[in-house]
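One structure, as structure tokens, below. Some questions next.
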Amino acid sequence: HITNNSPNASIILGNSPPTTPSTLLRITGRPAGATHYYINNSSAPAIINPNVDWQAGGGAAYNIVFGGSGDWIVRSSLRNSAGSGGTSLVKEGPGTMTWTNGTQHTASDPLNAVTLNAGNLFLQSSGLFPSQGGANPITINAGSLVFDADAQSDTIARAIGGASPGVLEIRAGTLTLSSGASTFSGTINLTGGELIAGGTETAGISGPLGQSGTISFTGGTLGYSANNAFDHCARFSTAAGQAYSIDTGGQNVTMATGLSSSGGTLTKNGSGTLTLSSTS
């Protein structure tokens, strides 16, 4: 385990920019398959640079828990270089983990289950949830999972689970959720960018946007696809000033629940037809 209890000093793993050899620091976990805690309680962020990787050995997964009151800046894919076991990720504690550089995983070293129990997990590049290990879920039990990848597009094919007080937020970029098996019932905040419902819907059971949680519009767009033109508007927030923004994505979308938001607005984007029952 690695813990930083300094009041204001940072711990930095690896070089930036990387030096030769390209893998400057390999962290080998023992015993194989154990859970390893990376805790930062400093006011300064802890940093993991791209030329750091992990090795569990024995075909076991490398299980990492990031936590603490302080923040983490992770510029590594968290790749398990031993192969076959992959890497599992848990976020604990009130701090924020900002994650970039998810391009190194291969079929033999997938990213396994990802669980958010507290704090924030900011995704600031595409490719962080690769197709390898795609059957493993993302679970948002508490805290916020935030897609904040300006001018980038990404597709996550994993089922998303969890409930309130968990939050899924789209802040920048375009994110397509292509699994129809999600049961997430926390809040979806569209504060920027676009969230596309790219998977099929099983009404009342599962869908790409999960089930029953509130969808709030404060600057972002909800997009539809050839796979999903389901009427999600019963979940739309009715709080004042909602900036409802809908991209019909070439589909004919009918919203049977009237939209209601004092001082709110409605914007329709994309081809296709949007049919509303009423607005107020």
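The values are calculated or read from the model by the stated rules, or taken from the named source; none is laboratory data. None of these values were measured; they are calculated from a predicted model. All Cβ positions, even for glycine, are placed from backbone atoms using ideal geometry, and neighbour counts span all protein chains on display. For accessibility, only protein heavy atoms count, side chains too; no ligands or nucleic acids. Shrake-Rupley method; radii C 1.70, N 1.55, O 1.52, S 1.80 Å.
Nearest 20 debye, what's the magnitude of the dipole of the range 128-280 about its Cα centre given +1 on Lys and Arg Cβ and -1 on Asp and Glu Cβ? Don't skip to the answer; put the middle values down first.
Numbers: 4 positive and 8 negative charges, 38 e Å.
Its charge dipole is roughly 180 debye.
Return the sequence-ordered ³J(HN,Hα) values of the range 222-231 in whole Hz as given by the Karplus equation 6.51 cos²θ - 1.76 cosθ + 1.60 applied to θ = phi - 60°, using x for Gly and Pro.
Running phi through 6.51 cos²θ - 1.76 cosθ + 1.60 with θ = phi - 60° gives 9, x, 9, 9, 4, 8, 8, 10, 5, 7 Hz.
I've got another one for you. Grab the beta carbon distance between A240 and H1, set R0 = 51 Å, and tell me the FRET efficiency rounded to 0.05.
Working: r = 47 Å, r/R0 = 0.91.
The calculated FRET efficiency here is 0.65.
Of all the accessible heavy-atom surface of the range 49-178, with the other protein chains kept in place and a 1.4 Å probe, what percent is carbon and sulfur? Walk me through the numbers before you get to the answer.
Numbers: 1940 of 3960 Å².
Ligands and nucleic acids excluded, carbon and sulfur reach 49 percent.
Then there is this: What percent does the relative contact order of the chain come to when contacts are Cα pairs within less than 8 Å and at least six residues apart? Intermediate values should be presented prior to the final figure.
Details: 902 pairs, mean separation 24.8, N = 280.
Computed value for the chain: 9 percent relative contact order.
Return the long-range amide H neighbours of G250 (sequence gap of 5 or more, or a different chain), with a cut-off of under 5 Å between placed amide H atoms.
Under 5 Å from the amide H of G250 lie the amide H atoms of S271, G272, each far enough along the sequence or on another chain.
While we're on this one: Per residue of the range 236-253, in order, report the coupling 6.51 cos²θ - 1.76 cosθ + 1.60 (Karplus, θ = phi - 60°) as ³J(HN,Hα) in whole Hz, putting x for Gly and Pro.
5, 4, 10, 4, 4, x, 5, 9, 4, 10, 10, 10, 6, x, x, 9, 9, 10
Something else now. Excluding Q242 itself, what net charge comes from residues whose Cβ is under 15 Å from its Cβ, given Lys and Arg +1 and Asp and Glu -1?
Details: positive: R235, K268; negative: none.
Surrounding charge for Q242 is +2.
For S88, which sequence-distant residues (separation of 5 or more, or a different chain) have an amide H within less than 5 Å of its own amide H, given hydrogens modelled in the peptide plane?
Under 5 Å from the amide H of S88: Y62, N63, I64, N112.
Something else now. Using a probe radius of 1.4 Å on heavy atoms only, what accessible surface per residue do you get for the chain? Whole Å² is fine.
On the way: 10850 Å² over 280 residues.
Each residue of the chain exposes 39 Å² on average to a 1.4 Å probe.
In the chain, if every C-alpha pair distance is counted and binned at 5 Å from zero, what percent goes to each bin?
Distribution as computed: 1, 6, 11, 16, 18, 15, 11, 8, 6, 4, 2, 1, 0 percent.
Continuing with the same structure: Note down the nm distance, to one decimal, between modelled labels 7 Å out along Cα→Cβ at A9 and at T275.
6.8
So for the range 159-223: antiparallel DSSP bridges make up what percent, rounded to the nearest 5?
5
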